[in-house]
Amino acid sequence: MSNELATRRSDLAGDAWGGLAAMLVALPSAIAFGVTIFAPLGGSLAAQGALAGILGATALGLVAPAFGGTNRLITAPCAPAAAVLAALALGFAQQGVPAATVVLLLALIGLLAGGLQIALGLAGIGRLIRFIPYPVVSGYLSGVGLIIIGSQIPKLLGTPTGTKLVDALMMPSAWAWQSIAVGGVVIAAMVLMPRLIRRVPGAILALLAGVATYLALGLMDPQLLHTANNPLLIGPLSSHGGSLSDAISQHVRSLRGLGMDIVVQVFVPALTLSVLLSIDTLKTCLVIDAMTRSRHDSNRELVGQGLGNIASSLIGGIPGAGTMGASMINISSGGRTRTSGMMAGGFSLAAFLLLAPAIAWVPVAALAAILIVIGFRMIDRHSLSFFFTPTTRLDFLVILSVILVAIFVNLIAASGVGVALAILLFIREQTHSSIVRNRIEGRDLFSKRARNLKNLDQIECVGDDTVVLELQGALFFGTASQLQNALEAEAATRKYVILSMRRVQSLDITATHVLEQIKDRLEENNGSLIFCDIPKGLPSGLKMKRFLKDTGVVLPTNKAFAFDQLDDALAWVEVIELEGTAGDDEIALDLRDFPVFAGCSEQTLAALGGAVQLRQVGVGKKVFKAGDDSNELFLIRRGSVRLTVPLRKKETYHLATCGPGEIIGGMGFIEAGSHAVDAQALTDTEVYMLERERFEFLAVEHSDLGIAIFGNVAHTLSARLRVTIAELQALRG
């Protein structure tokens, strides 16, 4: 119990330090994001934006970790929310919508976005984050970074509120040199301070440097040293009387007064925001998992994030997401559990209550400079190297397309374009990879069914009419043309086309249509399409054998057949071609008819006949099993026996099929131990069983018997090894 209490205390201390450090990183950014969103509305609303950023950091920090449950994740106002809401605020302002109404509309959008996040989590959509391609994420982050930079440059230059980037750059006369000076100092501090002082977050040091620079400039120009109606400062956080609780109550009452028609109008922006915030959060969760070897619940986290954004919007804060920078600071500062996120929210509230008057003196240019550095760091500069490598140039084009759409259209369209392009790249990659892994001529690969010499010539002729194609990868509409070209060339000259499906990963209706066309083509020439090594289930869950039957490719009445293993398919072809010849399996041999005993004397054969036992084995029964502790040797008198090596999950490897005159059980007999294979009767079978003890007694008096049996066993094992080696060489190409 004492160890558990000590661990809890240690976790609490780590969470407190981590939450404090995370707040110091997240709060300046939250204020900057709030100012960015509200600044286009003019007047004193920039100060209200700073307050909205603080309230958002507080509500998100307290609510999202309590219900989301991802350890070490810090939730706060973020760049995607600022980019989307700032663009919407500017658009509403240009349409002439009153500023107070715009504030309510932005809060409603955040409220709906939170509700949609909860719906996404309950619907299990959170798991889909892992399927977003890296080029899309890279382009998305870079696009957001560039949007943030573009929106903050006019503020850094000190141009009037609402000035667009191009206009700001074209009007040097409107620039405020004091604003540029403050911004330059903040950018330099953001870049250099972390290299000199590591215990205090760079954003805090940069913000303090910006305030100090502004105050120093104020000593030279006293007009700068007032906060009311000063466009270079955030200004007082409250421009009217009344407490914060009264303002929140009024905000909630105003939201309740909005009608359903307004909700419908802002639904699409809310959906856009919910998707972007969800992606941003779950992307951060994946990074935390990788760093801490933990595992988050994506769907639960979306519910927590949604509740946090609803709480933030209800009290007048701005929405947010799980943020990368603050979460990384939390981890490095000792944060261990989700309590650290709640601590960050509590510290944000404390900072507001204690430092509200000082926040009025924060220069707008200082916040703009902080966001410009954040935006620059969001740009995936490493992806620029993709352009110079031919193999990654198309990925670079995906990233560039996402960035351009994000800048000139919107972020949700950019994500959609990126995913669509990534899908096209995947299809292109699949179509350029060969679906035929290996091609084996029929004359190079025979079944392991035993044949007498008179059939061998016929079997070799069968090989000329047979080809084995080992397929691989995805058989779908993108590779259907390649599949058709490969099979049509074979169907024109072959009677039997055998397709090994073991390495096929997916199959769709377009590919099965091609297979059916090839089957019809072979049937015109009295040929057959043969499938083997069919997987029991594809990664998608599709049952391939059933799918081939359901689509009409493999039916009992047509010229397409399916077998479990390649050897079964080869054996079937040989049986069809040898139809009408004498059935070797039905021949019943006496001992003197066994080829192995051709050189033995009558006395030896008589002695052997007295030592062996004749056994009857029904079809499907085992002559012996792998692992049986026995040392008998079995001489097949009549019938057919299949030798298989047991593998994992009830799979087997076909070693050989033996008929009359062959000897089986050689390994157990020689080693005087257990058998290594299963021997199953394919037909009603008769075998002579010779025990090792009786053989040793006979071999003393009849040396010719010992030489004959050991020579046959050694020759058989060697032949099977050679066949296996040849099979491996053929299958490996």
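Just so it is clear, none of the values below were taken in a lab; they were calculated from the coordinates. Please read all numbers here as calculations on a predicted model, not as lab measurements. When we count neighbours, we look across all protein chains shown, and the Cβ atoms used for this are built from the backbone with ideal geometry, even at glycine.
Quick look at the numbers
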| read-out | value |
| --- | --- |
| Spatial separation of Cα centroids for region 641-689 and region 262-302, in angstrom | 59 Å |
| Ordering of 86-96, 268-278 by packing [mean C-beta count within 10 Å, highest first] | 268-278, 86-96 |
| Sorted by Cβ density within 10 Å, fewest first, the residues Arg637, Arg615, Arg722 | Arg722, Arg615, Arg637 |
| Cα-projected label distance for Glu691 with Lys164, points at 7 Å along beta-carbon direction, nm | 10.2 nm |
| Label corresponding to semi-axes √(5λ) of the Cα gyration tensor in Å when calculated from the structure given, among (i) 80, 29, 21; (ii) 65, 39, 19; (iii) 46, 29, 26 | (i) |
| Region 2-383 - Kirkwood radius from inverse mean 1/r over Cα pairs (Å) | 20.7 Å |
| All Cα pairs of region 589-732, percent lying beyond 25 Å | 27 percent |
| Residues of region 201-223 with amide N under 16 Å of a point placed 7 Å along Cα→Cβ from Val287 | 202-203 |
| Under 14 Å from the Cα of Lys283 - aspartates and glutamates, other chains or at least 8 residues apart | Asp297, Glu301 |
| Segments 99-112, 379-392 sorted - mean Cβ within 10 Å per residue, highest first | 99-112, 379-392 |
| Stretch gain in nm, segment Val264-Ser433, where the contour uses 0.36 nm per residue and the Cα spacing is subtracted | 56.1 nm |
| Restraint check, Lys519/Lys545; Lys625/Lys650; Lys545/Lys621; Lys495/Lys549, Cα-Cα greater than 18 Å | Lys545/Lys621; Lys495/Lys549 |
| Low-density loop positions, trypsin sites (Lys or Arg not before Pro), region 294-373 - DSSP coil, at most 16 other Cβ in 10 Å | Arg295 |
